[in-house]
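Reading through the structure tokens given below for one structure.
The values are calculated or read from the model by the stated rules, or taken from the named source; none is laboratory data. None of the values given here were measured: they were computed from a predicted structure. Positions of Cβ are generated from backbone atoms using ideal geometry, with glycine treated the same way; all protein chains shown enter the neighbour counts. Quick note on the areas: whole protein, heavy atoms, side chains included, nothing else; ligands and nucleic acids left out. Shrake-Rupley method; radii C 1.70, N 1.55, O 1.52, S 1.80 Å.
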Amino acid sequence: MNTYSDSNGNRYTTKQINDKSDKAAKLLLEFQFLEYGYNFCTSCFKKDCKKIAVSHSVNLERAKEDGCVELIWDFDSLEILGKRCRKIKDKLV
């Protein structure tokens, strides 16, 4: 089973990385909802930019290769985006 390291040398399986990433994404959405009463895209700030999802600002494979997997679940590396803005970010539009 492959494991990947963080910058402190701790090792994580893909499942552990995904679980931590999912938990951080859920918390980020919860924090935004608690603060504002609704979730919205943090790129265009519109409530109607749906479907809202959490996007990583770091390349997941690169974080694994570079031994800094903690960036995958770091709040500073996550952003809440609507589908349209996510496509723009990923250069799919």
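Data table
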item	result
Single unsatisfied condition, residue 29 versus (1) in contact (Cβ under 8 Å) with a residue 40 or more places away in the chain; (2) farther than 30 Å from residue 9 by Cβ; (3) touching a Lys or Arg at 6+ places or on another chain (Cβ under 8 Å); (4) of a type outside the set (Gly, Ala, Ser)	(3)
Residue check, residue 86 farther than 19 Å from residue 19 by Cβ, surrounded by 12 or more Cβ atoms within 10 Å (Cβ to Cβ) and of a type in the set (Lys, Arg)	yes
Test: residue in the range 63-74 that is under 13 Å from the mean Cα position of the chain (by Cα), more than 29 Å from residue 9 (Cα to Cα) and not charged (D, E, K, R)	no
Residue within the range 51-59 that is surrounded by 13 or more Cβ atoms within 10 Å (Cβ to Cβ) and part of a loop (DSSP other than H, G, I, E, B) present	yes
Answer residue from the range 61-75, given it is part of a loop (DSSP other than H, G, I, E, B) and over 8 Å from residue 6 (Cα atoms) and is most open to solvent (accessible area, probe 1.4 Å) among those	66
Residues located in the range 35-59, provided they are closer than 29 Å to residue 4 by Cα and free of Cβ contacts under 8 Å to residues at least 24 places away in the same chain	57, 58, 59
Complete set of residues in the range 1-29 that are assigned to a helix (DSSP H, G or I) and open to solvent by 100 Å² or more (accessible area, probe 1.4 Å)	15, 23, 26
